[in-house]
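Student: This is the structure, below, for whatever I ask next.
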Amino acid sequence: STQQSELLQLLGYGYERLLRVSSNAATRFECLAVTSRLAMSGWVDPLLPAWCRRRLVGADQTTPPRKLCVLPSAAGRRIANENDVKAMLVPLGYEPFDPTTATVRQQIDTYASCSTIVTPSGGALANLVFAAPGTRVIIIHHRSFVKRSRDQPFDGLILACRHAATVLESESARLAPGQRLTDSDLLVDLDALRAARSPTAAIWPCRWTRW
């Protein structure tokens, strides 16, 4: 994909070093080095975020005061009352950000420069590997999935990155015919969001406690 190619270039692997193999072709290698598995059944090795920050952000990263409100425009898991959320957060210094329209470099630089991030649950959470340890993260997630299991997909990532996360339970705003509940747009409770921003808000109890 375009994003994968851009990320490889940022890591020093230009197009001239990439070998593109057809999906229906057999390729023989004399020697093939494969990275060890850094994530397994929800657990994420803390080496992963540390390596990502070292290679793509820099070792001297500190936690700056920038605050981010992630509002993706891609279909599914959008914030239905986005204007209300922005009306609350923007005057408080939060910057709206759509990762689906940003380059990989822009996403890295944006997440690495934040001390507080408000974001819906989804693929964009992977960018948390670039945020500094101790970053405050408020994750907007569907209420039924929060109630159903305390082992959430983001548990291992949050713990490995050493972030402080609060989960904001939300309801579906609408569900299109054939659409899965997990992909539905979310209606944010503004009072709950206001409470989640409090320094005394409960921190999400991640299940993984290996370190």
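The values are calculated or read from the model by the stated rules, or taken from the named source; none is laboratory data. None of the values given here were measured: they were computed from a predicted structure. Counting neighbours? That spans all protein chains shown, and the Cβs are built from the backbone with ideal geometry, glycine included. In case anyone asks, the SASA skips ligands and DNA or RNA and just uses the protein heavy atoms, side chains included. Shrake-Rupley method; radii C 1.70, N 1.55, O 1.52, S 1.80 Å.
Student: Does the range 86-106 contain any residue that is open to solvent by 60 Å² or more (accessible area, probe 1.4 Å) and among the small types (Gly, Ala, Ser)?
Tutor: Checked the range 86-106: at least one residue is open to solvent by 60 Å² or more (accessible area, probe 1.4 Å) and among the small types (Gly, Ala, Ser).
Student: Please give the strands (runs of 3 or more DSSP E) falling wholly within the range 92-162 in which 2 or more residues are more than 21 Å from Gln9 (Cα to Cα) and touching a residue at least 40 places away in the same chain (Cβ under 8 Å). Can you show your working first?
Tutor: Values: elements: 94-97, 114-120, 136-142.
Qualifying strands (runs of 3 or more DSSP E): 114-120, 136-142.
Student: Tally time: how many residues in the range 4-36 are touching a residue at least 12 places away in the same chain (Cβ under 8 Å) and touching a Phe, Trp or Tyr at 6+ places or on another chain (Cβ under 8 Å)?
Tutor: So in the range 4-36, the residues touching a residue at least 12 places away in the same chain (Cβ under 8 Å) come out as 5-7, 10-11, 18.
Filter again for touching a Phe, Trp or Tyr at 6+ places or on another chain (Cβ under 8 Å), leaving 5.
Counting residues in the range 4-36 that are touching a residue at least 12 places away in the same chain (Cβ under 8 Å) and touching a Phe, Trp or Tyr at 6+ places or on another chain (Cβ under 8 Å) gives 1.
Student: Across the range 107-128, what is the number of residues that are in contact with a strand residue (DSSP E or B) (Cβ under 9 Å, 6 or more places away or on another chain), farther than 20 Å from Ser172 by Cα and open to solvent by 10 Å² or more (accessible area, probe 1.4 Å)?
Tutor: Adding up the residues that qualify gives 6.
Student: In addition: Looking at the range 175-203, I want the residues that are modelled with pLDDT under 85 and have a partner that is surrounded by 14 or more Cβ atoms within 10 Å (Cβ to Cβ) and assigned to a strand (DSSP E or B) with Cβ atoms under 6 Å, at least 6 apart or on another chain. Which pairs are those?
Tutor: Ser184/Ser172; Asp185/Ala173; Ala201/Thr166; Ile203/Ala164
Student: Moving to a separate point now. Looking only at residues that are open to solvent by 100 Å² or more (accessible area, probe 1.4 Å) and small (Gly, Ala, Ser) in the range 16-32, which one is modelled with the highest pLDDT?
Tutor: Going through the qualifying residues, I end up with Ala26.
Student: May I pose another question? Would you confirm, using the coordinates I've provided, whether Ser5 is among the hydroxyl-bearing types (Ser, Thr, Tyr), open to solvent by less than 50 Å² (accessible area, probe 1.4 Å) and at pLDDT below 90? Break it down stepwise before answering.
Tutor: Values: among the hydroxyl-bearing types (Ser, Thr, Tyr): yes; open to solvent by less than 50 Å² (accessible area, probe 1.4 Å): yes; at pLDDT below 90: yes.
Yes: the conditions hold for Ser5.
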